[in-house]
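What follows is a single structure, written as structure tokens, with notes after it.
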Amino acid sequence: MPNLRASRRGDLILDVDHRGRLAIVTGGARGIGKSIARLLSRDGAKVAIFYNRSGDEAHQLVEEAGHAGRSLTAHQCDLRDASSLEAAILEATQIHGPAQILVHNAGITNGSPMLGANVAGMREVFEVNFWSAVVATKAVLRDMLRAKFGRVIYIGSPAATSWATQGNTAYAASKAALHAMARQVAAEISPRGNLTANVVAPGYIRTDMTKHFAREYENAILGTMCSERAGTPDEIGEVVSFVASENASYMTGSVLEVDGGFGLKTISRRKNRREAE
Ligand SMILES: NC(=O)c1ccc[n+]([C@@H]2O[C@H](COP(=O)([O-])OP(=O)(O)OC[C@H]3O[C@@H](n4cnc5c(N)ncnc54)[C@H](OP(=O)(O)O)[C@@H]3O)[C@@H](O)[C@H]2O)c1
């Protein structure tokens, strides 16, 4: 049964409650990861954010959570280096206890076209986007199995499935690998308790990753979605917090597309009416 509680108006609403659980969020100091960390923390989780370069932002988040009486810690690691990631997981679990929620959010692009591909750069994209997810998942799974509760969530992308752009090969392929891994991990863990593995795939969100996009390019992207607007990091964080909760117990091996209707460009009757007038 999903957890329900009465709202202020007296309606029964879903109660997302992560109290007592540790959530690890990679790339949790800025962008989408920051919203995910904040919202998991708002919903009661103990949160360990992993950051590489964004130390100031990470410590600001720790301070903010401290003022609100929440338990959030920051751990520096470079996801290109497995031992650095494993050390951060050990550090976080020594402070908070075992992790029940893993959100692998960190991701990079390298913008290298296949013609003249920068192979080293493409490998780096795989190190951060995919291999670190393998290392992190392996590191937390045993504890999740022991607790018979676990949520593995990978932040994917429509680039894995339906979106092709020049210069995006390594990024798209690394995300496709993540999507495939979620299904396989789900097959392994879901028969063994309340354990799920899923992908949340954001559409177009304005963050540091997309801030350099030219206006024309952005408009072309927005023109392919029926919401006709960019999403916000919090709109991704809310879905992640739900997928991480008890309430999402029967969803596993899934890709949740949180993309404003990406690829579902609607034909606007409003516009048609305006033009006919
Ligand atoms: N923005 C979008 O429209 C969009 C759409 C679909 C999917 N996504 C996915 O959503 C996720 C978050 O994206 P975003 O837009 O929030 O990107 P962002 O603002 O560029 O943030 C990237 C994050 O990855 C971390 N990171 C990068 N390299 C790292 C490394 N070597 N070691 C540790 N951490 C590293 C960064 O940490 P530091 O700053 O601490 O180095 C940062 O927190 C990514 O997986 C991205 O592919 C984004």
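With respect to the stated conditions, Ala133 fails to be in a helix (DSSP H, G or I), in contact with a strand residue (DSSP E or B) (Cβ under 9 Å, 6 or more places away or on another chain), more than 23 Å from Ile236 (Cβ to Cβ) and not charged (D, E, K, R). Mind listing just one residue for me: the one in the range 201-227 that is without any contact (Cβ under 8 Å) to a residue 24 or more places away in the chain and in a loop (DSSP other than H, G, I, E, B) and, of those, nearest to the ligand (Cβ to nearest atom)? The qualifying residue nearest to the ligand (Cβ to nearest atom) is Thr210. Checking each residue in the range 69-126 for being in contact (Cβ under 8 Å) with a residue 60 or more places away in the chain, more than 12 Å from the ligand (Cβ to nearest atom) and crowded, with 17+ Cβ neighbours inside 10 Å picks out Ile89, Ala92, Thr93, His96, Ala99, Gln100, Ile101, Leu102.
The residue list Val119, Val125, Val135, Val62 contains one member that is in contact with a Phe, Trp or Tyr (Cβ under 9 Å, 6 or more places away or on another chain) and of a type in the set (A, V, I, L, M), which is Val125. Scanning the range 1-32 for residues being within 16 Å of the ligand (Cβ to nearest atom), touching a Pro at 6+ places or on another chain (Cβ under 8 Å) and either on the phi < 0 side of the Ramachandran plot or not in a helix (DSSP H, G or I) (or both) gives a total of 1.
Taking Lys46 as the residue in question, decide whether it is crowded, with 24+ Cβ neighbours inside 10 Å, of a type outside the set (Gly, Ala, Ser) and either more than 16 Å from the ligand (Cβ to nearest atom) or at pLDDT below 95 (or both). Criteria met by Lys46. Condition (residue is at pLDDT 95 or above, more than 21 Å from Asn168 (Cβ to Cβ) and either under 17 Å from the mean Cα position of the chain (by Cα) or among the β-branched types (Val, Ile, Thr) (or both)) applied to the range 104-122: is it met by at least one residue? No, the range 104-122 contains no residue that is at pLDDT 95 or above, more than 21 Å from Asn168 (Cβ to Cβ) and either under 17 Å from the mean Cα position of the chain (by Cα) or among the β-branched types (Val, Ile, Thr) (or both). Residues in the range 138-159 that are more than 15 Å from the ligand (Cβ to nearest atom), assigned to a helix (DSSP H, G or I) and under 18 Å from His179 (Cα atoms): Lys138, Leu141. Of all residues in the range 185-221, those satisfying the criterion of being small (Gly, Ala, Ser) and under 21 Å from the mean Cα position of the chain (by Cα) are Ala186, Ala187, Ser190, Ala197, Ala201, Gly203.
The set of residues in the range 228-259 that are aliphatic (A, V, I, L, M) and part of a helix (DSSP H, G or I) comprises Ile236, Val239, Val240, Val243, Ala248.
The values are calculated or read from the model by the stated rules, or taken from the named source; none is laboratory data. Since we're looking at a predicted model, the values are computed, not measured. We place every Cβ from the backbone using ideal geometry, glycine too, and count neighbours over all the protein chains shown.
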